[in-house]
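Have a look at the structure below, then the notes.
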Amino acid sequence: MPFTKHRRFHATSLALALGAATLTACGSSDDESQAESGPAALTYWAWTPGMDKVVDLWNKGPGKKEQIKVTVKKQASGDTLVTKILTAHKAKKAPDLVQAEYQALPTLVSNDALADISGEVGKAESEFPAGVWQQTTLGSDAVYAVPQDSGPMMFYYRADLFEKYGLKAPATWDEFAKTARALKKKAPDKDLTTFSANDSGLFAGLAQQAGAKWWTTEGEKWKVGIDDAATRKVADFWGGLVEEGAIDNQPMYTPAWNKALNTGKQIAWVSAVWAPGTLTTAAPDTKGKWAMAPLPQWSKGENTTGSWGGSSTAVTTDSDHKGAAAKFAAWLNTDPKALGALAKEGGIYPAATAAQTSGAFAEPPAFFAGQKDFYPRAAEIAKTAAPGAWGPNVNVAYTSFKDAFGSAAKNKSDFGDALTTMQDATVADLKKQGFGVAP
């Protein structure tokens, strides 16, 4: 979304009103001198497991040489951390660095909580897929974070059961629907997959792949396009499959869902690169029986995927050492040793393209031991991620999705009506928070 470089839209915190503000002129790294001398002690709020071990590499290496020491303070993730950051920023006591999910960046930028570090990290752009880097710029020439990890979406399926029922991994969504129907005819007690409304990121990623732009700007106003043609196509597709009973309508991450995966009642899952970790605990008896393929496309010949998850490293406007913090953020997410440690200690899939084919990913996940090309294929898929288009009230849109689509999936009712509800709730919230909203 095209934020101008020197002006940012204001916002309030996620569910917690921090008070309406006016459009505020803000300096960028081009305007403000960030020349710093002497030692710098930085605090980093992050939730990635093992981050303290990764940071130790910095403190004992580059950080020691440059007299920049970083201390990690473990945090919760999601909306909880965003609210905590905004509360701390209101008191001018935010940490130097924060781990932030991509969809949270507009909220943090709108509240003037994140610094523009384009002058320090702009050269790192070539290290990342264009669709991932764009999420840290919000469509402007500013840079508000360095990508850390990403979640390119893929199609996972039980290779043994696909062979048993004479099925092939679908290359298009039309083939996906035909595969779901074919399975029902051959094995009425089984489902190809389920439509779940308890994780909004899945639907958002599918909409991205279709070309959706949920938040954009027109001048100094937000424009919400959650009910755009691309998203409506996705909603109608999945709603139609649920209504006709071609797929299941149960939520993910429940004991029932785990059992369906583990027993082969559900034989495929539209997910992201991190799926092997989930399958390891959800369906332990199926180890070695799964395969991964690219996400089905809307038209033959297309090659685009969506993203489900991912985070970045940002520098706050409260930091007294923005230049030093930006230097660390760039190292953390581009240095080969740092990325290798992030993969080993934190179990992340790095956003940096080169790291996706590094030694840390030389072997496939243990759960997919038979698919030797798992990570090489994943790296190619990651390059095709469509850009996200986030706004300052993602939490409201996501909550509305869970409520409206959860009800529609359960009742097998019109997904189009649910999408309208989601659109209206998001627009109403923006207006309530004092934003200008374009029709």
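Numbers at a glance
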| read-out | value |
| --- | --- |
| Those residues of segment 102-112 which are buried (at least 24 other Cβ atoms within 10 Å of the Cβ) and over 25 Å from Trp308 (Cβ atoms), in sequence order | Asn111 |
| Considering residues of segment 284-298 that are within 24 Å of the chain's Cα centre (by Cα) and not in a strand (DSSP E or B) only, the residue farthest from Gln371 (Cα to Cα) | Trp298 |
| Subset of segment 332-342 [touching a residue at least 24 places away in the same chain (Cβ under 8 Å) and open to solvent by less than 30 Å² (accessible area, probe 1.4 Å)] | Leu332, Asn333, Ala338, Ala341, Leu342 |
| Selection count, segment 196-246, where residues are over 19 Å from Ser307 (Cβ atoms) and in a loop (DSSP other than H, G, I, E, B) | 5 |
| Single residue of Asp149, Asp227, Asp160, Asp191 found to be open to solvent by less than 20 Å² (accessible area, probe 1.4 Å), in contact (Cβ under 8 Å) with a residue 60 or more places away in the chain and acidic (Asp, Glu) | Asp191 |
| Answer from Ala207, Ala159, Ala171, Ala177 - the residue that is assigned by TED's automatic domain parsing to the domain that holds Ala229, more than 24 Å from Ala382 (Cβ to Cβ) and among the aliphatic types (A, V, I, L, M) | Ala177 |
| Residue match in segment 123-139 (condition: closer than 18 Å to Ser319 by Cα and either open to solvent by less than 10 Å² (accessible area, probe 1.4 Å) or in contact with a helix residue (DSSP H, G or I) (Cβ under 9 Å, 6 or more places away or on another chain) (or both)) | no |
| Evaluation of Thr317 against (1) within 26 Å of Glu163 (Cα to Cα); (2) open to solvent by 20 Å² or more (accessible area, probe 1.4 Å) (one fails), failing number | (1) |
| Odd one out for Ala355, checked against (1) farther than 21 Å from Val109 by Cα; (2) touching a Ser or Thr at 6+ places or on another chain (Cβ under 7 Å) | (2) |
| Of residues in segment 142-159 being assigned to a strand (DSSP E or B) and hydrophobic (A, V, I, L, M, F, W, C), the one nearest to the chain's Cα centre (by Cα) | Met153 |
| Lone unmet requirement of (1) open to solvent by 20 Å² or more (accessible area, probe 1.4 Å); (2) farther than 22 Å from Asn198 by Cα; (3) not aliphatic (A, V, I, L, M) for Gln297 | (1) |
| Residue among Leu161, Leu202, Leu183, Leu241 that is touching an Asp or Glu at 6+ places or on another chain (Cβ under 8 Å) and more than 30 Å from Gly436 (Cβ to Cβ) | Leu183 |
| Residue check for Thr217: within 27 Å of Pro364 (Cα to Cα) and β-branched (Val, Ile, Thr) | no |
| Test: residue in segment 308-329 that is in a loop (DSSP other than H, G, I, E, B), of a type outside the set (Gly, Ala, Ser), modelled with pLDDT of 95 or more and farther than 25 Å from Val109 by Cβ | no |
| Qualifying residue in segment 347-357 (condition: on the phi > 0 side of the Ramachandran plot and not assigned by TED's automatic domain parsing to the domain that holds Thr231) | yes |
| Failed condition for Pro387, given (1) open to solvent by 10 Å² or more (accessible area, probe 1.4 Å); (2) touching a residue at least 40 places away in the same chain (Cβ under 8 Å); (3) part of a helix (DSSP H, G or I) | (3) |
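Okay, residues lined up against (1) over 26 Å from Lys344 (Cα atoms); (2) touching a residue at least 24 places away in the same chain (Cβ under 8 Å):
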position	(1), (2)
Gly63	no, yes
Lys74	no, yes
Gly78	no, no
His89	yes, yes
Glu120	yes, yes
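Yes/no per residue for (1) open to solvent by 40 Å² or more (accessible area, probe 1.4 Å); (2) over 22 Å from Thr194 (Cβ atoms):
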residue	(1), (2)
Ala354	yes, yes
Gly359	yes, yes
Lys372	yes, yes
Pro376	yes, yes
Pro392	no, yes
Phe401	no, no
Ala408	no, no
Thr421	yes, no
Thr426	no, yes
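Residues checked against (1) acidic (Asp, Glu); (2) farther than 28 Å from Ser312 by Cβ:
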site: Glu345; (1), (2): yes, no
site: Ala354; (1), (2): no, no
site: Glu363; (1), (2): yes, no
site: Gly388; (1), (2): no, no
site: Val394; (1), (2): no, no
site: Lys412; (1), (2): no, yes
site: Gly416; (1), (2): no, yes
site: Asp429; (1), (2): yes, no
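One line per residue, one yes/no per condition, for (1) more than 16 Å from Val234 (Cβ to Cβ); (2) at pLDDT below 95; (3) assigned to a helix (DSSP H, G or I):
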residue: Asn395; (1), (2), (3): yes, yes, yes
residue: Tyr398; (1), (2), (3): no, no, yes
residue: Asp403; (1), (2), (3): yes, no, yes
residue: Gly406; (1), (2), (3): yes, no, yes
residue: Ala409; (1), (2), (3): no, no, yes
residue: Asp417; (1), (2), (3): no, no, yes
residue: Gln423; (1), (2), (3): no, no, yes
residue: Ala428; (1), (2), (3): yes, no, yes
residue: Phe435; (1), (2), (3): yes, yes, no
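The values are calculated or read from the model by the stated rules, or taken from the named source; none is laboratory data. Quick caveat, the model's predicted, so the values are computed rather than measured. Every residue, glycine among them, receives a Cβ derived from its backbone with ideal geometry; neighbour counts consider all protein chains shown. Just so you know, the surface numbers come from the protein's heavy atoms only, side chains and all, with ligands and any DNA or RNA stripped out. Shrake-Rupley method; radii C 1.70, N 1.55, O 1.52, S 1.80 Å.
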